[in-house]
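A.B. asks: Following this message is one structure expressed as structure tokens.
Each value in this text was obtained by applying a stated rule to the coordinates, not by laboratory testing. It should be emphasised that the depicted structure is a prediction, and the values quoted were computed from it without experimental measurement. Here the Cβ is made from the backbone with ideal geometry for all residues, glycine too, and neighbour counts use every protein chain on show.
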Amino acid sequence: MWQSGYAFLTMFASVNYLQLYFNCYTFIAILGLPLIICPHLVPHVLIDIYCYGRLSSGQLLDNKILQRLLIAIRLPKSRFSHFYVSAFVFHGIVSGIVFWSYFTGNTVPFIVRILDYMATVDRKADVKPIAVVAVTTLFMFHILRRCYESLFVSVYSGSHMNLLHYILGMTFYLVASCSLLSEAPGFTRKELNKDDVTDFHCNWQELIGCGMYFWAAWNEHRCTLILANLRRNSEKVTTKYGIPRGDWFNYVSCPHYFAEILIYVSMNVVLGFRNTNWISLLISIFASQTVLAL
């Protein structure tokens, strides 16, 4: 009996929960394809649970109890800013740990133990410390920019999202930060090589990835401004949808989603595509942004 219980616990200890999270995120995104492509074949309740904003059905349900439940878990779409504020706080802590560890040459054992539970003890650190520092910084830039845009640039309509979207949004950046640490030197069972920490030489791959990041981030910001200005062109702010023009909108139907994908591709380029959890993150971003663009 004790042996079977130990085997049961060992099974859970061998699960990479960070990768599992992103795999579930990808599955949920792909699951939405029939809801968006063939909405007339899908019950309205499923569309309202899965979709938000202009994609939701907006129709009242015959089942009053279910209708009240959907209303009860409905939140204003403007609460997107909560994702980035919480991400700023958490990733700020992660950034402090990364910089302290690499610039002092010390490790944080209790962080390693937490990551062991989250991503197994078999994690490998094939990424250079300088690449981890670079992506940690780039990811913080991304969070700060998105936080600024959500608070001061974007003009939200009266649309809503449900509690499930809110939970996913609140947890995504937290899991992403942990995933970056999970396969970083000094945060696995392998001891930190102090010679690697003092090596601040950047190769062409890391420089190209950084350049690609700033190019994609700048264009995503310009696209966000274009979308916001569509609702500010009149004497008063409107919540109606308009047709955006200019910049990447002349070439791609949803360039802000395309730029978001490029941002995460660029950070994976800096990491050399050697962090398996961040590759899973990239796949989940590609799936979700592609489905949203349809």
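A.B. asks: For the residue pair Trp218 and Ser253, what label-to-label distance in nm results when each label sits 7 Å from Cα along the Cα-to-beta-carbon direction?
C.D. replies: 2.9 nm
A.B. asks: Considering amide H positions built from the backbone, and no H for Pro or chain starts, which residues 5 or more places from Asn162, or on another chain, come under 5 Å of its amide H?
C.D. replies: Leu75
A.B. asks: How much of the calculated P(r) for region 125-180 lies past 19 Å, in percent of all Cα pairs?
C.D. replies: On the way: 731 of 1540 pairs.
Cα-Cα pairs in region 125-180 separated by more than 19 Å: 47 percent.
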